[in-house]
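The values are calculated or read from the model by the stated rules, or taken from the named source; none is laboratory data. Since the model is a prediction, treat every value here as computed from it, not as a measurement. Heads up, the Cβs are rebuilt from the backbone with ideal geometry, glycines too, and the neighbour counts pull from every protein chain shown. With ligands, DNA and RNA removed, areas are computed over all heavy atoms of the protein, side chains included. Shrake-Rupley method; radii C 1.70, N 1.55, O 1.52, S 1.80 Å.
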Amino acid sequence: AAAEEIGRRARSFNAELMVFTVRMQAHLDRGTPAEYAAAMRDLMERIGTASLPASYLAAPGRGLLAAGDPAYARMALRAFLAGPADALPRDAEWLESHWALADIAIDLDSRDAAAGLFGALLPHESLWAVDGIGGAVFGNLAEQLGRLAGYLGRPGEASRFLATARERYVRADAPALRDRV
């Protein structure tokens with residue numbers, strides 16, 4: 001709330017986005033995304049989605065999908081599948097958007113997207129997906145690789161990745177993430 005007020009006084013849209021990201025992830029972590037769905041839809045309508053790349057549709061699409069509204073998630077998945085593998089800019093949103101797209105691919109049962117995301121994320125297994133300048137922590141990419149491997153029918157790899165993620169969460173003293181795995 002304090003960050004939101006400072007951003008409002010500064011008329012900073014970026015501050016608004018950071019607060020939005022933290023709140024959206026908090027609702028996802030608590031299992032209450034439906035309580036934040038109106039705010040997610042409002043932001044997407046204000047921004048407009050016609051020219052947004054998959055990387056900017058993915059996180060709110062993931063949040064709204066968890067709230068029971070798959071429209072933006074489907075739009076993000078279509079945008080991801082329509083472009084070449086390197087179409088998403090390698091910017092601060094890359095890991096976050098790929099994390100969100102992986103959730104979307106699994107939830108919407110898109111094996112093609114899941115396979116592409118697995119390959120894209122594999123070289124980055126040791127990294128953590130974060131957003132909001134560290135305000136929202138999605139997790140270590142080994143976890144998402146484990147989920148993708150499991151979905152793709154590769155149980156041995158899934159088990160190895162998930163064990164690695166769990167170990168990293170224990171070392172980082174992140175019990176909520178450890179318990180999620």
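Numerical summary
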| quantity | calculated |
| --- | --- |
| Residue match in the range 45-53 (condition: buried (at least 20 other Cβ atoms within 10 Å of the Cβ), out of contact with any Gly (no Cβ under 8 Å at 6 or more places or on another chain) and modelled with pLDDT under 95) | no |
| Filtered residues of the range 124-156 (kept if open to solvent by 60 Å² or more (accessible area, probe 1.4 Å) and assigned to a helix (DSSP H, G or I)) | ARG147, PRO155 |
| Flag if ASP112 is over 20 Å from LEU162 (Cβ atoms), outside any helix (DSSP H, G or I) and in contact with a helix residue (DSSP H, G or I) (Cβ under 9 Å, 6 or more places away or on another chain) | no |
| Residue check for LEU152: within 23 Å of THR21 (Cβ to Cβ) and of a type in the set (A, V, I, L, M, F, W, C) | no |
| Hey, SER159 open to solvent by less than 70 Å² (accessible area, probe 1.4 Å) and among the small types (Gly, Ala, Ser) or not | no |
| Residue satisfying condition, being of a type in the set (A, V, I, L, M, F, W, C), touching a strand residue (DSSP E or B) at 6+ places or on another chain (Cβ under 6 Å) and either assigned to a helix (DSSP H, G or I) or open to solvent by less than 20 Å² (accessible area, probe 1.4 Å) (or both), within set LEU64, LEU81, LEU95 | LEU95 |
| Test: residue in the range 65-84 that is out of contact with any Leu (no Cβ under 7 Å at 6 or more places or on another chain) and over 18 Å from ASP109 (Cα atoms) | yes |
